[in-house]
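Peer 1: Sharing a structure with you now.
Each value in this text was obtained by applying a stated rule to the coordinates, not by laboratory testing. In this text, all values refer to a predicted model and were calculated from it rather than measured experimentally. Note that we place each Cβ from the backbone using ideal geometry, even for glycine, and neighbour counts take in every protein chain shown.
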Amino acid sequence: AIAGILAFGSRGYRLICPVRASRGKGGRAEKAAVKIWKFIACSLSTTFGATVFTLPLSMYYFGCFSVIAPLTNLLCLWFASIAFALGILSVLAGFAFMPLARLLAIIPQAFSDYILAVIRALAHVPEHAVYGANPYILLWLVYAYVMFAICVFMKGRRTRYAVAAGLCAVSLAAVIAL
């Protein structure tokens, strides 16, 4: 996963978020929108970068992969980071004063409950995961990797990735319908 993030994360970020935020220009609403867009672009590029190398391994070892993972990561990833950091803080506080640790642990517990609620809710979405029992899924996976490999080596506009992603999404929907 780390290799994929390092190899493709920054490239993916530049593709998703090609515009640079203007400093000193625009109102608060515009600056907030740029920050939100950058957060989404960073989360998606990290997710897709990690997926590059883990998806084939997931299909090989577990026989499935999650189609809804990018949405799950957008909704949960930053909560997980905060919950982990505050959880460590509460553990450290527990060495000194246990009632303070219990109080500090309320926030990471709430974040963990949120993450589990999101996971449970998204697990009920139809076709949230694709299983390798369908032989066409494996062919689609090869097709998707070939499409994006061609995009990497092609010169030209950024839209080639959007076209490849659109074709892969449409073909995946067709394969799932089979």
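Peer 1: So if each residue of separation counts as 0.36 nm, and I subtract the Cα-Cα distance between Val118 and Ala96, what length gain in nm does that give?
Peer 2: Here the segment from Val118 to Ala96 would lengthen by 4.5 nm.
Peer 1: Continuing with this model, one more query. Find the centroid of the Cα atoms in the stretch 83-97 and in the stretch 115-172, then give the distance between the two in whole Å.
Peer 2: 39 Å
Peer 1: Continuing with the same structure: So for the stretch 94-178, averaging the separation of alpha carbon pairs under 8 Å that are six or more residues apart and normalising by length, what relative contact order in percent results?
Peer 2: 24 percent
Peer 1: Okay, moving on. Which of the trypsin sites (Lys or Arg not before Pro) found in the stretch 82-178 are in a DSSP loop and have at most 15 neighbouring Cβ atoms, other than their own, within 10 Å?
Peer 2: Sparse-neighbourhood loop trypsin sites (Lys or Arg not before Pro): Lys155, Arg157, Arg158.
Peer 1: May I pose another question? How much length is gained on full extension from Phe84 to Ala29, taking 0.36 nm per residue of separation minus their Cα-Cα distance? Show your work: numbers first, answer last.
Peer 2: Working: separation 55, 0.36 × 55 = 19.80 nm, distance 3.04 nm.
So the extension gain works out to 16.8 nm.
Peer 1: Highest first, please rank the peptides 74-81, 121-128 by the mean number of other Cβ atoms sitting within 10 Å of their residues.
Peer 2: The most tightly packed comes first, giving 74-81, 121-128.
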